[in-house]
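The values are calculated or read from the model by the stated rules, or taken from the named source; none is laboratory data. Predicted, not measured: the structure shown is a model, and the values here were computed from it. Cβ placement follows ideal geometry from the backbone for every residue including glycine, while neighbour counts extend to all protein chains displayed. The accessibility values were calculated without ligands, DNA or RNA, using every heavy atom of the protein model including side chains. Shrake-Rupley method; radii C 1.70, N 1.55, O 1.52, S 1.80 Å.
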Amino acid sequence: TVKREMTMLKRVFDFAKKEYNLSSNPLDKALVERPSVQDARDVRLVGDEWDRLLDECRQLENSWVAPIVEVAREIGARRGSLLKLHWPDVNLKQAHVTLRGVKNSRKPSEIRTVQVGLSPRAVEILDALPRSLGGRVFQITTQAFDSNFKRARKRAGLDHFRFHDSRHEMASRLVEAAWDMLDLMRQGDWRDPKSVARYYTARG
């Protein structure tokens, strides 16, 4: 909150410098250090929580939600990447998918294309999906997915869980499986081990 308010005030002072010849901006980075943002999460489903969540997703009228949630857990892809996925970018024989238009949360202007591996379970799920004439793998809008996922999450008693937390699950499982760090970074599209550490949560 403090950092956001400082950013807003800095823009006000920048405007004053331009329009009213203010000599300097008191909130320039060189003059004032901004607080660091601790936005890391450590949410990880335990016990039968994953089964409960998937069971509720499978009971929804919309049949696309459950496979999206399970594939996300298996490969760590973001919601946006999965909803934009097209069949020409899916290679089931070689067990990988190409994700296009991937955004970097640290650098919003940076858009990339990345390739990530598919687990045997992810291959199984994707292979069972119907093919669409439009080419999209998951035939559901962002709004429809969000509303249905929230409904399933609530019914499962897991209001604290966010879809993005599935990346924590993927990273944590691969760390526990002793994956090589470089392979893990490629799978999650992370640039350094520090980024991986933000997503690893040990089981309690």
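Return the pair list, or none, for Cβ contacts closer than 9 Å from residues in the range 51-75 that are in contact (Cβ under 8 Å) with a residue 12 or more places away in the chain and under 17 Å from Ser166 (Cα atoms) to residues that are of a type in the set (Lys, Arg) and in a loop (DSSP other than H, G, I, E, B), at least 6 apart or on different chains.
Ala72/Arg78
Taking Arg58 as the residue in question, decide whether it is touching a His at 6+ places or on another chain (Cβ under 6 Å) and surrounded by fewer than 22 Cβ atoms within 10 Å (Cβ to Cβ).
No.
Would you pick out the residues in the range 147-182 that are touching a helix residue (DSSP H, G or I) at 6+ places or on another chain (Cβ under 8 Å), among the acidic types (Asp, Glu) and free of Cβ contacts under 8 Å to residues at least 24 places away in the same chain?
Asp159
Tell me which helices (runs of 4 or more DSSP H) are completely within the range 119-182 and hold 3 or more residues being open to solvent by less than 80 Å² (accessible area, probe 1.4 Å) and over 17 Å from Pro67 (Cβ atoms), or say none if there are none.
Filter on the range 119-182 gives 165-176.
For Ser119, only one of the following conditions fails: (1) of a type in the set (Ser, Thr, Tyr); (2) touching a Gly at 6+ places or on another chain (Cβ under 8 Å); (3) under 17 Å from Asp189 (Cβ atoms). What is its number?
So Ser119 meets the others, but not (2).
Mind checking which residues of the range 144-168 are hydroxyl-bearing (Ser, Thr, Tyr) and either within 13 Å of the chain's Cα centre (by Cα) or modelled with pLDDT under 95 (or both)? Give the derivation first.
If we filter the range 144-168 for residues that are hydroxyl-bearing (Ser, Thr, Tyr), which is where we start, we get 147, 166.
Ser166 - this is the single residue of the range 144-168 that is hydroxyl-bearing (Ser, Thr, Tyr) and either within 13 Å of the chain's Cα centre (by Cα) or modelled with pLDDT under 95 (or both).
Restricting the range 61-107 to residues that are open to solvent by less than 20 Å² (accessible area, probe 1.4 Å) and not in a helix (DSSP H, G or I), which is farthest from Arg186 (Cα to Cα)? Steps first, answer last, please.
Let us first name the residues in the range 61-107 that are open to solvent by less than 20 Å² (accessible area, probe 1.4 Å), namely 65-72, 75-77, 81-83, 85, 97, 99, 102.
With not in a helix (DSSP H, G or I) added as a condition, the list becomes 76-77, 85, 97, 99, 102.
Working: Gly76: 11, Ala77: 12, Leu85: 18, Val97: 12, Leu99: 12, Val102: 13 Å.
Across the range 61-107, the extreme among qualifying residues is Leu85.
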